[in-house]
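Values in this text are rule-based calculations from the coordinates and carry no lab data. Since the model is a prediction, treat every value here as computed from it, not as a measurement. As a convention, Cβ positions derive from the backbone with ideal geometry for all residues, glycine included, and neighbour counts pool all protein chains shown.
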Amino acid sequence: MHTKKVKDLMVPLEEYAVVPQTATILEALEALDKAQAKLPPGKHRHRAVLVLDDSGKVIGKIGHLGFLRALEPKYSILGDMGKLSRVGLEPQFISTMMDNFRFFEDNLTDLCHRACHIKVVDVMRPVEENIDENASLNEAIHKLVMWQTLSLLVTREKKGREVVGLLRLSDIFEEITNFMKNKDGKN
């Protein structure tokens with residue numbers, strides 16, 4: 001296992017769900033379904049859709065939480081709630097803010113209908129975390145833990161840093177657990 005590289009575990013970009021930044025949430029969900037349908041049995045399901053700019057460069061991703069956040073556009077007023085909680089705001093203060101903004105007052109059917117038409121660029125999370133395709137799994141684990149992210153863009157040195165795939169936490173985790181169970185952690 002110590003000789004495996006990031007490129008050995010990554011999902012190639014052409015196998016992942018991608019949409020242009022002009023796509024709607026509904027179009028992103030359809031792209032996700034289409035990519036899921038092509039997965040071989042036993043392969044982890046994709047948990048995000050990558051968003052491309054007009055030149056085809058990956059600029060962001062929208063995951064399950066992003067899709068749920070699209071149900072209530074007023075969340076954008078508050079900014080990044082994760083950052084607010086990490087800087088020390090008490091959970092009850094954040095809850096009070098959320099109550100004052102009256103989130104999710106509409107019924108779920110109306111929220112879903114409106115969310116279908118929201119542009120992915122308005123709810124995506126910009127991505128900057130990346131790793132070279134020839135990096136070691138040790139480096140990949142370090143970056144996943146350090147950045148507390150579920151995936152890393154995999155890049156190749158070629159006229160800048162071209163994105164060639166996505167390395168997912170689920171694939172690294174599976175590789176490590178299989179190694180530990182099959183080899184008793186010995187190599």
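Things to note:
- Whole-Hz ³J(HN,Hα) from phi, Karplus 6.51 cos²θ - 1.76 cosθ + 1.60, for segment 141-149, glycine and proline x: 4, 4, 5, 4, 6, 4, 8, 6, 10
- Between Glu139 and Arg45, the modelled labels are 3.3 nm apart [label points 7 Å from Cα along Cα→Cβ].
- Listed peptides 162-168, 65-71 appear in the order 162-168, 65-71 once ranked by packing, highest mean of other Cβ atoms within 10 Å at the front.
- Projected label distance in nm at Glu90 and Leu108, using a 7 Å step from Cα toward the beta-carbon: 3.2 nm
- Potential lengthening of the chain between Leu65 and Glu174 amounts to 37.0 nm, from the contour at 0.36 nm per residue minus the alpha-carbon distance.
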